[in-house]
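Structure, as structure tokens:
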Amino acid sequence: MKKVLVATEKPFAAEAVSAIREIIEKAGYQLELLENYTEPSQLIEAAKDADAMIIRSDKATREVIEAAPKLKIIVRAGAGYDNIDLAAATEKGIVAMNTPGQNSNAVAELAFGLMEMAARGYYSGKGGTELRGKTIGIHAYGNVGKYVASIAKGYGMEVYAYDPFVKKEDIEKDGVTALDSVEELYSKCKYVSLHIPANDKTKKSIGWNLLSKMPKNAVLINTARKEVIDEQGLTETLEKRPDFTYLSDVAPDSASDLKTKYEARCFFTPKKMGAQTAEANINAGIAAAKQIVNFFEKGDKTFQVNK
Ligand code: 3PG
């Protein structure tokens, strides 16, 4: 009997686990659950006899992959797969997949929750500002970026986007102004919402160079990855620009320093919570379970990311 390991250091909502279990057991496979684990060694141990694995931001390192001789497929229930050692997976003939789009609305809603909170002075009772009529720049127009655009339009914001991998006409048919350069996006927009993946090209790519260009009372919202921020450049921006605010889902490495020095202009969630909704967990969990069944039963490799 095939064993499907669901390894989530940050567990799925209970309804998502039930839905995953139903799909896996209906296919005649066995589900093993490893939740709230604290040590990588626990993941390595649990992966030893797994044929398939569903993970979230859990780290599928070379060590995990090499400890799992039966493993054929890893599905990241979510968008970003920077937590999978793709080279190690490919070497072992393991298919790695993500479930694009399934948790995107949850992330987009959190971006607005963060923006609204900061605009209203962190709900301290003091006066604030509105989002209507303000400029927002969407940095990367993928699944999350599209939801951000649709919510921003509901708020009555002026919406811009930059994405070198999406045709301008595809952005503009959503009523969003597509810009030609990243510099233009940062120069134009008071709010910039980051939706780029973390990879060799994007890591540390957002720093003083771009942030210094933003208009007065600029706000950067990062619900993507902490790794895309050049923390030195971010610190420099907070230091030199008393009008700049940084809101992030997941704290940067220098969080305690930044909080001490710039408390009123920084907010970090204690744990990555963009996709931490029942709906996102159910959507991504069900998609992951179905992808595994379709892979074993039909050889379906749609959503493979290590081709
Ligand atoms: C993603 O890449 O899908 C999001 O960052 C969500 O990550 P999570 O599943 O760890 O919450």
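The values are calculated or read from the model by the stated rules, or taken from the named source; none is laboratory data. Since we're looking at a predicted model, the values are computed, not measured. Because the Cβ atoms are built from the backbone with ideal geometry, glycine has one as well, and the counts that use them run over all protein chains shown. When the accessible area is computed, the model is the full protein with side chains, heavy atoms only, and any ligands, DNA or RNA have been set aside. Shrake-Rupley method; radii C 1.70, N 1.55, O 1.52, S 1.80 Å.
Observations
- Taking amide H as placed 1.01 Å from N in the peptide plane, Arg120 has its amide H under 5 Å from the amide H of Thr129, each at least 5 places away in sequence or on another chain.
- Here the simple spin-label model places points 7 Å from the Cα toward Cβ, and for Glu91 and Lys126 these points are separated by 5.3 nm.
- Taking the C-alpha atoms only, the angle from helix 231-240 to the longest principal axis of the chain is near 20 degrees.
- In the context of the full set of protein chains, residues of the chain present 46 Å² of accessible surface per residue (probe radius 1.4 Å, heavy atoms only).
- Phi to ³J(HN,Hα) by Karplus 6.51 cos²θ - 1.76 cosθ + 1.60 over region 222-228, Hz, x for Gly, Pro: 10, 10, 8, 9, 5, 5, 7
- Vicinal HN-Hα couplings computed from phi for region 209-214 (Karplus, 6.51 cos²θ - 1.76 cosθ + 1.60; Hz; Gly/Pro x): 3, 8, 5, 5, 7, 5
- Sites Ala13 and Glu45, calculated FRET efficiency, Cβ-Cβ separation with R0 25 Å, nearest 0.05: 0.50
- Spatially, region 126-192 and region 69-99 are offset by 32 Å when compared through their Cα centroids.
- Backbone amide hydrogens, once placed in the peptide plane, bring Leu5 within less than 5 Å of Glu32, Asp51, Ala52, Met53, Ile54, excluding anything fewer than 5 places away on its chain.
- Karplus-derived 3J(HN,Hα), 6.51/-1.76/1.60, for each residue of region 96-108, Hz, glycine and proline x: 10, 9, 10, 10, x, x, 5, 10, 5, 4, 4, 5, 4
- Rounded percent of accessible protein surface that carbon and sulfur make up, the chain, 1.4 Å probe: 50 percent
- Shape class for the chain, computed from the alpha carbon gyration tensor (a ≥ b ≥ c): prolate, with a/c not under 1.5 and a/b above b/c.
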